[in-house]
1. So if I check each of C:297, C:305, which one is under 27 Å from the mean Cα position of the chain (by Cα), away from every other protein chain (no Cβ under 13 Å) and part of a helix (DSSP H, G or I)?
2. Being surrounded by 19 or more Cβ atoms within 10 Å (Cβ to Cβ) and at pLDDT below 85, is that true of even one residue in the range A:203-215?
3. Could you list, in sequence order, the residues of the range A:256-268 that are surrounded by 19 or more Cβ atoms within 10 Å (Cβ to Cβ) and touching a helix residue (DSSP H, G or I) at 6+ places or on another chain (Cβ under 7 Å)?
4. Out of D:49, D:38, report the one residue that is within 29 Å of residue D:164 (Cβ to Cβ) and part of a strand (DSSP E or B).
5. With respect to residue C:28, determine if the residue is at pLDDT below 90 and surrounded by fewer than 18 Cβ atoms within 10 Å (Cβ to Cβ).
6. Which of the helices (runs of 4 or more DSSP H) contained wholly in the range A:170-279 include at least 3 residues that are in contact (Cβ under 8 Å) with a residue 40 or more places away in the chain?
7. Which condition breaks for residue D:201 when tested against (1) crowded, with 21+ Cβ neighbours inside 10 Å; (2) facing chain C (nearest Cβ under 8 Å)?
8. Could you tell me which of the residues A:161, A:172, A:181 is surrounded by fewer than 18 Cβ atoms within 10 Å (Cβ to Cβ), more than 28 Å from residue A:279 (Cβ to Cβ), within 14 Å of chain B (Cβ to nearest Cβ) and more than 18 Å from the chain's Cα centre (by Cα)?
């Protein structure tokens, strides 16, 4: 054991390593977070890969047959071609395939489609991601904004009616899955009242994609129902969390101290209750973005909205597994990155965490 | 075994059960003190009753009878008939058991995996904790629904148990993490430290000191797991997978949707299973909120 | 009651904690520094000091909850490295009474269950009747009879004072030779504190149990450890060790003097000192503790020698860890 | 100006719960002398915090003032009826006339705002029209007054300050709007003896130099003996005895006061004549019939068990609520 008198660090010119060391320890909080995220991403890739290993072998034969009659080559030549194109060889040993897959990953190939040549996970992501991001983030921030305000309102004002209404709202929207609400909205507003379109993301005939108002108008018009169904459910969740957090904060001593200092009710609500109650909810933003992103599959298939979710469900149904693997991997990466960003931004909002 | 030892053994057994009974009694008295719990529990029991005895009272025959398809609800067909003339009411009744099966099996699998791993990583800590935590991180970051679809497509589903297994594979992570946090906080409490000073066995510490404290949390999450199971299973069926049981409520909704919801008759057929799902979900919500309020002292409304 | 081998003796105990959150460069906090202490059978010793002086950590080392970074512990002469030492698994001669009586009892188990388990665990072969008899006897000792009224209750259904007595019953249920009590009365109403302290005094006299009484309050320490010893601790070191009555009436170490003068006295006519003999009010911190005497920033008698390593010198009344003790003492004359 | 700055007249405070109504303070009449330090002594559940927080109507939920008046005789001669104040007047009354230092000073500051922001906010809310420099100067002045490194502390967030520093920031905060009365709710319970001594000296200095009257809440009788001028002993929601500290400590008339003083161990005097008060602290839900202390009082007579004693007022303004001193034969031991 080193002898117990403390080592006295004399202040000689600190070398390069000490500067690096000081920098590292100062931001070790961030490096730790980044490290964990990378580890999680790597493990997710491994897990996804091994799930996909269970793909039934007949995919390659199907593709080989297609190639054979398309290019008039012998079956086993087509089989070889199919294997290389698909980057998947059922009878190859697992680790070789895994390293080839990782190699492909680093080169950015997330997965080639065998149904349509030239279509890969990357191309699909380029075209589909903006749409999913659009409705997910709009729905998320809309519901977060409405939910936290209502939650804060009913927590600070103890009147019965508002509490009862919001509790029943939370109970109902909590019990109906968002995709069923989407179905109901489609039936009411789509088929019967015909106020809103129920399919696709914009009116392809009358509008040309580009940064012009008719296009944006049409996009918003078509995205109304999907966003509405997400928002209805998510708002209930945010009201619940905000009310719980705000009631917790109201019990704190600094609220009583603020009241004793003769601060106006509105100031106390804004700078004391709201600010402190919102902090724990920020970390939840990352998690709920993940769940929205995950849930997109079903929502988009109901509205036939061309997002990543719809791609995944279509590709799964007609067994285009290589692309599916790429898309799911990408979704997981998105969720991890969003959570990482929220974690890194959190100290800027909450001073208590800042100096760690 | 001599007489005295035997009677002593009997008395400890009697005490044990009396104790167990006593604990169970006041536990039941405690949780049924809240209105929410009672309503929620009664509703679920109604569903269980329908699930078991429904098909006996209203047997459902699948053969089609196209002549009287799309009949309006009448005394003979309470919910009317669908596009193949099959009685919708009996379909929904027959589907109840498969829905309940999914709910209960998922809840059981999720809670067992989540609790065991949660306690191990919470109590043992160190490297084991780090490993289990990184595993849960994966399951929490990969979006659950696309994976359900993938697994449902890869493995041909032929029964509720397999569907339940798939759903619970991806929902145990959240529970494991929160139980780990609870166990870690309890482990630091004074009454656990005192057990170490008094040389109590690890078995005693985990099962007699920590488990009872975590039990209320597990009970609430059992019901929450049931809710998530329904959400996921209906979702999977709406995408056309796991169609092993056409009478499952999700399957009926999907079938009606496939027939085209422009025709209002299909909408009518879809409404009934939808309402059943909503009622079931509200009952699980009431039960979980009620349990949470009674068992969780922190939430006690003064 | 001096006998030759001390019941428990600590030899230059050091405790170093790793500062949490330091991923790369490890920062260490030296919580306990070269502590040596002997406790004899039936003796009471008070560990007194302000928060952060390491008295609770020392208490946990004695009970074996913490393993010291260096230094040895001898129990009745034979070497022990804390109760986790497999050699002495049946070694529960030392018990612990904690400060917060509510946190020290499992909220979901009845008082009976909390008492039953340790006794049954130690005397595996005892029948239920024998264990019940022992519990009945314990309840008599701590003065909670008729016991049925308390045994079936849960911790939250009892008052602070009653819970503290249950803690004591549980501690003595394993017939220990030494009890470490960490601030046992600081959370109890003033009027009831003495009844708990009297009960502990009785246990000391009747059952010959020695006590380590950890507290920040000199008054209760003086009452409880009446003719025992006191060890005044500051920043992880014992700065003064001696008979408690003498140390309080004639404190030697400058820190002890400040501590004694700062204690308010329940008598308005007693004119205590207004200005404390201290340079600064700010309690030193363990992290940036430098060489030599830990008290030198705040000591009025500080000289250059204070930077050297301190050794124990003895004044009339106590062993004092202070370099220029003589200058301090003759300043009084 | 009147001799009493605050007069509580027959104040009763109720906590209406779902199944029962808890009367925390029952028919209390008490005066706070101008420029003096009045101590409210009582154990847990005695109602001292409830009574004092009624002065700025900050009783914790769901407490309400059931009956009685709180009269505030401001230094500028005006008479304010606190319980009749409307919302707006009450807000300006709070902190301009009466400010408060909370028991849990550790968590009385908003964790997400710096000290400067919270000081400025209070100044602005009370419509104090000052330029930025004047505000900064005022804050730095009072932070220096409580002997804090004001330049550094003003930019800190609450979690960056130690316990003692936070307490001093709260004391500085209470001086921000030059109040006439400061309520101190157990200001030093969580602090060490030396810091406690230091803070009470600081408070005494504030009382002397700024002529601010103080209402000090504590359960520790020795603190009262060393720092307060007047003492009111509370038990079970009633004031048992009130008088100047010298008189009350000399005569020790009321049995509870005598019991409390004798139950407090001290670092001087003989430890044998210290005795606990037997029995259990009052359960506010089923107080004994007659005098609330009758179940623990060694001098309890039959009348004490039947009828609640009225308050006997003496010429010098002190009073006592005990049957021993009513009904003619005055055998005050």
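1. Testing whether each residue is under 27 Å from the mean Cα position of the chain (by Cα), away from every other protein chain (no Cβ under 13 Å) and part of a helix (DSSP H, G or I) leaves just C:297.
2. No, the range A:203-215 contains no residue that is surrounded by 19 or more Cβ atoms within 10 Å (Cβ to Cβ) and at pLDDT below 85.
3. Correct list: A:258, A:260, A:261, A:262, A:263, A:268.
4. D:38
5. In short, yes.
6. In the range A:170-279, the matching helices (runs of 4 or more DSSP H) lie at A:178-185, A:213-250.
7. Checking residue D:201 against (1) crowded, with 21+ Cβ neighbours inside 10 Å; (2) facing chain C (nearest Cβ under 8 Å), the one that fails is (1).
8. Just a single option satisfies the conditions, and that option is A:172.
The values are calculated or read from the model by the stated rules, or taken from the named source; none is laboratory data. Quick caveat, the model's predicted, so the values are computed rather than measured. A quick note on method: Cβ atoms are made from the backbone with ideal geometry, for glycine too, and the neighbour counts reach across all protein chains shown.
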